[in-house]
Structures are given as structure tokens and as C-alpha cells.
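Okay, structure first, notes after.
The values are calculated or read from the model by the stated rules, or taken from the named source; none is laboratory data. On a predicted model such as this, the values are computed, not experimentally measured, just so you know. Backbone-built Cβ (ideal geometry, glycine too); neighbour counts: all protein chains shown. Note: areas computed on protein heavy atoms with side chains; ligands, DNA, RNA excluded. Shrake-Rupley method; radii C 1.70, N 1.55, O 1.52, S 1.80 Å.
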Amino acid sequence: FVNSGTLNATVAGSRLVFAGAGQPQTYSGDGTIVNPIASFEINNTAGLTIANTIASEINCNELVMTAGDINTGIHTMVIGTATATPGTLVYSSGTIVGKLKRWIDAVTGNTDFPVGISGVTRNASIDFTSAPVTGGTLTAEWISLPGGDNGLPLIDGIYLVTNTSSEGYWNMT
């Protein structure tokens, strides 16, 4: 799908669906998406690459991940539009390879961020047991590099901890 113009999602119930089997799909071009898409959906085991040349946020009220990874590249996938309308993640499988931003209201509860590398989900599950004072957004991504020392080494009894992770870490903003 090549977007070299403006995709206007003001129509109620607007959906952008990437479905198929066996063939990877690409969303590219130099166009923009204005207004949140009611539902952004992926159901393609071969995945979707967002390769639009203009860095932007791709905003949806509902993200439906039935099968396949979404490689966001220079873009950020956003669920929701405000604390009062945090949006919905309907998740069966797949991984966001890149940044996923979610709106969160000032309430208790769990919010999942199915981020990771292609084929491997490293879900960041954020559980607020006490409600935050105000809502806002959290953006998560998986960085597949060693986490470094992060203030280590730490000696815990007979154990010496020198690195936080050799496979990677979550970056939360």
C-alpha cells in the first residue's frame, strides 16, 4: 500500500486492515494519516513493514493483532487519543518491532506492550496497583543490545551481577 497523499480517517468506523498469508506487506510512500483510525488491524503471518518516508505517529483507537509482526521503522504506533479515550489492544499474536505508545488513564490495572524483535515478543506488562495522579502516555520499545552496567556491579551474597541483560532491554518513556 503506497500512500502519497492524505489518508483521512474521519469516517466513523474507519479501518485499515493488512491481511494475507505468506507474503509480507508494506505501507510506504510520503503521505500522512490524519485523525485516528478507528481500527488498525494486522492478520498476516508474514508481517507488515511501515516504510513511509515521513516519520510520524500512526494513531488508532483500536489495534487488532491477530497474526504477524508490525515493524514500525521510524514511526510510532499509538493506541488511544487521550486519558479519557485510551484505546484498546486486541491481541492474539505478533510483535511490534519498534515503538508502541499507549494512552493510560489515572486508574489501576494492567497495560501490555507487545514489543520485541521479529518473531520474538518481549511483552512489557505495566501494572498500576495504585492509580497514577494523572494519566498520560507510555511509549515502549525493545532494544536488542546488552543493557550495560546500569550502576552495577552488584554483589548479592555469593553472586556478582555485572550486566542487566545480554539479550536486550525495554526502553520506556
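Things worth noting here:
- Answer residue from segment 129-152, given it is in a loop (DSSP other than H, G, I, E, B) and hydroxyl-bearing (Ser, Thr, Tyr) and is nearest to Trp103 (Cα to Cα) among those: Thr134
- Just one of the listed residues (Ile126, Ile155) is over 18 Å from Leu100 (Cβ atoms), open to solvent by 40 Å² or more (accessible area, probe 1.4 Å) and in a strand (DSSP E or B), namely Ile155.
- In segment 114-123, of all residues being open to solvent by 50 Å² or more (accessible area, probe 1.4 Å) and not charged (D, E, K, R), the one that is nearest to Gly98 (Cα to Cα) corresponds to Ile117.
- Of the residues making up segment 100-113, those that are open to solvent by less than 50 Å² (accessible area, probe 1.4 Å) and not basic (Lys, Arg) number 6.
- Residues of segment 24-33 include none that is open to solvent by 30 Å² or more (accessible area, probe 1.4 Å), more than 17 Å from Gly73 (Cβ to Cβ) and in a strand (DSSP E or B).
Condition check ((1) within 19 Å of the chain's Cα centre (by Cα); (2) among the polar types (S, T, N, Q)) across all residues:
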| site | (1), (2) |
| --- | --- |
| Ser125 | yes, yes |
| Thr134 | no, yes |
| Leu138 | yes, no |
| Ile155 | no, no |
| Gly168 | yes, no |
| Thr173 | yes, yes |
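- Cross-chain or 6+ apart pairs with Cβ under 8 Å, segment 102-124 first and at positive phi, then among the basic types (Lys, Arg): Gly116/Arg122
- Filtered by the rule that a residue be buried (at least 21 other Cβ atoms within 10 Å of the Cβ) and either closer than 16 Å to Met172 by Cβ or touching a helix residue (DSSP H, G or I) at 6+ places or on another chain (Cβ under 7 Å) (or both), segment 73-97 gives Met77, Val78, Ile79, Ile96.
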